[in-house]
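J.: The following block contains the structure, expressed as structure tokens.
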Amino acid sequence: MKLWAGRFKKEVDSKVNDFNSSISFDSRMYAQDIRGSIAHATMLGATGIIEEKEADAICRCLEEIKADIDSGELPFDPEAEDIHMFVEAELTRRLGETGKRLHTARSRNDQVALDLRMYLLDHAGELEALLKELVGVLCDLAEEHKETVMPGYTHLQRAQPITFGHHLMAYAQMFLRDLDRLKNWRKLTSSMPLGSGALAATTYPINRDMVRRALGFDKITANSLDGVSDRDFCIELASDLSIIMMHLSRFSEEIILWCSWEFKFIELDDAYATGSSIMPQKKNPDITELVRGKTGRVYGDLMTLLTMMKGLPLAYNKDMQEDKEAIFDALDTVDLCLTTFIPMLRTMTVLKENMRQAAAKGFINATDCADYLVKKGMAFRDAYKITGTLVARCIDEGKTLETLELSAYQEMSGLFEEDIYTAINLEKCAFDRKVPGGPAPQSVQNQIDMTRELLK
Ligand code: ARG
């Protein structure tokens, strides 16, 4: 029988019951639900709204229920409408009359707003730990490859020489920003909604600040209507998660390219690649393709949440029950992707020679050739034009800037001397870019040191 049976003349249709029910997906918030209820009951006892000994009994019983769910002894009842009803019904089953007092001065509307915030705050911690681990792996790899020369690209065309360490540290920056975003999200989300009641708070002399302190929130929500109708914290987290996925997806795309025979810059460990059912030669970067694919799924979760909220009048509407599957899916997906991506990255083999060979083709030192003339006094635009002509000549003659003879250079400008070959040496071109933020080994090392400092 439903809790609200008194108001109704009929039992709810079983299909409606299934349709309404959220226990299949909100049961994962049981620990937070119980933690919130213990804080609430303790406050009810301390303020004399219920008797202190009843509050104690409720808290003790809630602890037991928690232990029984933890151990698997108490399975969730699929007939219970949601986790809140389930815990309360179990409490009343065990404690009788006293159990019925827990829901005084509270509604499921402020309860679910609290539980979801707590659940997400708890689990964002795991995510932050994974991101830090990823950035740590990037730093280690970058340190190992701070002198590994590779072509840097624009428009996927070879552009200028960089180091692989530098390329990796670009991703480290992206994930560091993601960590910052989560930190900001945490600050906004740490606002305790219990006490908002169904929508209009309550006439009982509750102590919201006591509950806030017990649950470790920074502040209490300032308006009861907003307290129950706000899901910004879900939307914002989904947005942060979408950005993380976008970063992982770009990285995945590069790894997919690098694994191809056309690039062959890296080789994935056998444990992190898959074969083909028909083509015996294949070694596929499935993990990265799945990460790229799952990015759309997380964007979808964000769109679900934004669309769900856009037309809702204040305060709670049942539409909002849809928040959980979307945000849980986004969270689980990012978790799963990071958990697989990190060891894949850690175990991949970097084929330095292939990177170096690719860097030697494609005239990626052409800018440095022009810069050589500029450093000898020529205006950059003139130097640019001369270098362009030299590149065209190389292409015609099947040469590179390194193999083009000095006389050919000197035909174009008397400023060219023997030292042009040093100036366009790829290592020199990459290693001389040592301004802060540049690809030179020392500069990369500074990036690594600063990043490691931030990770502490
Ligand atoms: N299961 C509900 C949800 O997730 C809990 C809140 C129910 N509130 C209500 N007024 N029906 O949103």
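J.: Across the range 397-422, which residue is surrounded by the fewest Cβ atoms within 10 Å (Cβ to Cβ) among those that are of a type in the set (Asp, Glu) and farther than 16 Å from LYS361 by Cβ? I'd like the intermediate steps shown before the answer.
T.: We begin by selecting, within the range 397-422, every residue of a type in the set (Asp, Glu); these are 397, 402, 405, 411, 417-419.
With the extra rule that they be farther than 16 Å from LYS361 by Cβ, the set shrinks to 405, 411, 417-419.
Values: GLU405: 10, GLU411: 13, GLU417: 13, GLU418: 8, ASP419: 10.
This residue is GLU418.
J.: Looking at ALA359, ALA370, ALA366, ALA379 in this structure, which one is over 21 Å from TYR153 (Cα atoms) and of a type in the set (Gly, Ala, Ser)?
T.: On the way: ALA359 fails: over 21 Å from TYR153 (Cα atoms); ALA370 fails: over 21 Å from TYR153 (Cα atoms); ALA366 fails: over 21 Å from TYR153 (Cα atoms).
Exactly one of ALA359, ALA370, ALA366, ALA379 is over 21 Å from TYR153 (Cα atoms) and of a type in the set (Gly, Ala, Ser), namely ALA379.
J.: Which residues, counting only those in the range 352-367, are part of a helix (DSSP H, G or I), in contact with a Ser or Thr (Cβ under 9 Å, 6 or more places away or on another chain) and not aliphatic (A, V, I, L, M)? Before the answer, list the steps.
T.: We begin by selecting, within the range 352-367, every residue part of a helix (DSSP H, G or I); these are 352-360, 366-367.
Within this subset, residues satisfying the condition of being in contact with a Ser or Thr (Cβ under 9 Å, 6 or more places away or on another chain) are 352, 355-356, 360, 366-367.
Correct list: LYS352, ARG356, THR367.
J.: Further question on the same structure: Give the range 428-445 a look and list any residue that's out of contact with any Pro (no Cβ under 7 Å at 6 or more places or on another chain), surrounded by 14 or more Cβ atoms within 10 Å (Cβ to Cβ) and either hydroxyl-bearing (Ser, Thr, Tyr) or assigned to a helix (DSSP H, G or I) (or both), or say none.
T.: LYS428, PRO441, VAL444, GLN445
J.: If only one of ARG108, ARG181 is buried (at least 16 other Cβ atoms within 10 Å of the Cβ), over 30 Å from ALA41 (Cβ atoms) and basic (Lys, Arg), which one is it? Don't jump to the end; show me each part of the working.
T.: Working: ARG108 fails: over 30 Å from ALA41 (Cβ atoms).
Unique residue meeting the criteria: ARG181.
J.: Counting only residues that are polar (S, T, N, Q) and either within 13 Å of ARG356 (Cα to Cα) or touching a helix residue (DSSP H, G or I) at 6+ places or on another chain (Cβ under 7 Å) (or both), how many does the range 148-167 have? Break it down into steps so the answer makes sense when it comes.
T.: Of the residues in the range 148-167, the ones polar (S, T, N, Q) are 148, 154, 157, 160, 163.
The next check asks that each one be either within 13 Å of ARG356 (Cα to Cα) or touching a helix residue (DSSP H, G or I) at 6+ places or on another chain (Cβ under 7 Å) (or both); those that pass are 148, 160, 163.
Residues that pass the stated criteria total 3.
J.: Same structure, new question: Considering every residue within the range 232-245, establish whether at least one is touching a helix residue (DSSP H, G or I) at 6+ places or on another chain (Cβ under 9 Å), in a loop (DSSP other than H, G, I, E, B), modelled with pLDDT of 95 or more and not charged (D, E, K, R).
T.: Pass one, the range 232-245, residues touching a helix residue (DSSP H, G or I) at 6+ places or on another chain (Cβ under 9 Å): 232-245.
Remaining after also requiring in a loop (DSSP other than H, G, I, E, B): none.
No; the residues of the range 232-245 include none that is touching a helix residue (DSSP H, G or I) at 6+ places or on another chain (Cβ under 9 Å), in a loop (DSSP other than H, G, I, E, B), modelled with pLDDT of 95 or more and not charged (D, E, K, R).
J.: Oh, and also: From ALA105, ALA80, ALA57, ALA46, grab the single residue that is touching an Asp or Glu at 6+ places or on another chain (Cβ under 8 Å) and either of a type in the set (A, V, I, L, M, F, W, C) or more than 16 Å from the ligand (Cβ to nearest atom) (or both).
T.: Values: ALA105 fails: touching an Asp or Glu at 6+ places or on another chain (Cβ under 8 Å); ALA80 fails: touching an Asp or Glu at 6+ places or on another chain (Cβ under 8 Å); ALA57 fails: touching an Asp or Glu at 6+ places or on another chain (Cβ under 8 Å).
Of the residues listed, the single one that is touching an Asp or Glu at 6+ places or on another chain (Cβ under 8 Å) and either of a type in the set (A, V, I, L, M, F, W, C) or more than 16 Å from the ligand (Cβ to nearest atom) (or both) is ALA46.
J.: Quickly run through the range 39-64 and pick out the residues that are without any contact (Cβ under 8 Å) to a residue 60 or more places away in the chain, under 21 Å from TYR119 (Cα atoms) and surrounded by fewer than 21 Cβ atoms within 10 Å (Cβ to Cβ).
T.: Selection gives CYS59, GLU63, GLU64.
J.: Report, ordered by the first and then the second residue, all pairs with beta carbons closer than 7 Å, sequence separation of six or more or different chains, a first member in the range 335-348 that is over 16 Å from ILE243 (Cα atoms) and in contact (Cβ under 8 Å) with a residue 12 or more places away in the chain, and a second member that is assigned to a helix (DSSP H, G or I) and among the charged types (D, E, K, R).
T.: Filtered contacts from the range 335-348: ILE342/GLU133.
J.: Mind listing whichever residues of the range 446-456 are among the hydrophobic types (A, V, I, L, M, F, W, C) and either touching a Pro at 6+ places or on another chain (Cβ under 9 Å) or touching a residue at least 24 places away in the same chain (Cβ under 8 Å) (or both)?
T.: Taking the range 446-456 as the starting set, the residues that turn out to be among the hydrophobic types (A, V, I, L, M, F, W, C) are 448, 450, 454-455.
Listed by number, the residues that qualify are ILE448, LEU454, LEU455.
J.: Just to be sure I understand, how many residues within the range 83-102 are of a type in the set (A, V, I, L, M, F, W, C) and away from the ligand (no atom under 16 Å from the Cβ)?
T.: 2
J.: Does the range 384-406 contain at least one residue that is in contact with a strand residue (DSSP E or B) (Cβ under 6 Å, 6 or more places away or on another chain), of a type in the set (A, V, I, L, M, F, W, C) and not in a loop (DSSP other than H, G, I, E, B)? Outline the logic, then answer.
T.: So the first thing to find is which residues in the range 384-406 are in contact with a strand residue (DSSP E or B) (Cβ under 6 Å, 6 or more places away or on another chain), and the list is none.
No, the conditions are met nowhere in the range 384-406.
J.: Among the residues of the range 300-329, which ones are of a type in the set (Gly, Ala, Ser), more than 10 Å from the ligand (Cβ to nearest atom) and assigned to a loop (DSSP other than H, G, I, E, B)?
T.: From the range 300-329, those of a type in the set (Gly, Ala, Ser) are 300, 311, 315, 326; that's our starting set.
From what's left, more than 10 Å from the ligand (Cβ to nearest atom): 300, 311, 326.
GLY311 - this is the single residue of the range 300-329 that is of a type in the set (Gly, Ala, Ser), more than 10 Å from the ligand (Cβ to nearest atom) and assigned to a loop (DSSP other than H, G, I, E, B).
J.: State all residues of the range 259-281 that are out of contact with any Leu (no Cβ under 8 Å at 6 or more places or on another chain) and either within 24 Å of ILE342 (Cβ to Cβ) or not in a loop (DSSP other than H, G, I, E, B) (or both); if no residue qualifies, say none. Spell out how you get there, then give the answer.
T.: Here is the first cut: in the range 259-281, the residues out of contact with any Leu (no Cβ under 8 Å at 6 or more places or on another chain) are 260-262, 268-281.
If the condition is that a residue be out of contact with any Leu (no Cβ under 8 Å at 6 or more places or on another chain) and either within 24 Å of ILE342 (Cβ to Cβ) or not in a loop (DSSP other than H, G, I, E, B) (or both), then SER260, LEU268, ASP269, ASP270, ALA271, TYR272, ALA273, THR274, GLY275 are the ones that fit.
J.: Then there is this: How many residues does the range 108-126 contain that are away from the ligand (no atom under 12 Å from the Cβ) and in contact with a His (Cβ under 8 Å, 6 or more places away or on another chain)?
T.: Pass one, the range 108-126, residues away from the ligand (no atom under 12 Å from the Cβ): 117-118, 120-126.
If we keep only those that are in contact with a His (Cβ under 8 Å, 6 or more places away or on another chain) as well, we get none.
Within the range 108-126, residues that are away from the ligand (no atom under 12 Å from the Cβ) and in contact with a His (Cβ under 8 Å, 6 or more places away or on another chain) number 0.
Let's see how each residue does on (1) within 17 Å of LEU74 (Cβ to Cβ); (2) touching a strand residue (DSSP E or B) at 6+ places or on another chain (Cβ under 9 Å); (3) not in a helix (DSSP H, G or I); (4) not hydroxyl-bearing (Ser, Thr, Tyr):
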| site | (1), (2), (3), (4) |
| --- | --- |
| LYS15 | no, no, no, yes |
| ASP26 | yes, no, no, yes |
| SER37 | yes, no, no, no |
| LEU44 | no, no, no, yes |
| ILE49 | no, no, yes, yes |
| ASP56 | no, no, no, yes |
| ARG60 | yes, no, no, yes |
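J.: Can you tell me which of (1) under 17 Å from the mean Cα position of the chain (by Cα); (2) surrounded by 20 or more Cβ atoms within 10 Å (Cβ to Cβ); (3) more than 20 Å from LEU134 (Cβ to Cβ) is the one LYS324 doesn't meet?
T.: All conditions pass for LYS324, except number (1).
The values are calculated or read from the model by the stated rules, or taken from the named source; none is laboratory data. Note that the structure is a prediction, hence the values are computed from the model and not measured. Cβ coordinates were reconstructed from backbone atoms using ideal geometry, including for glycine residues, and neighbour counts include every protein chain displayed.
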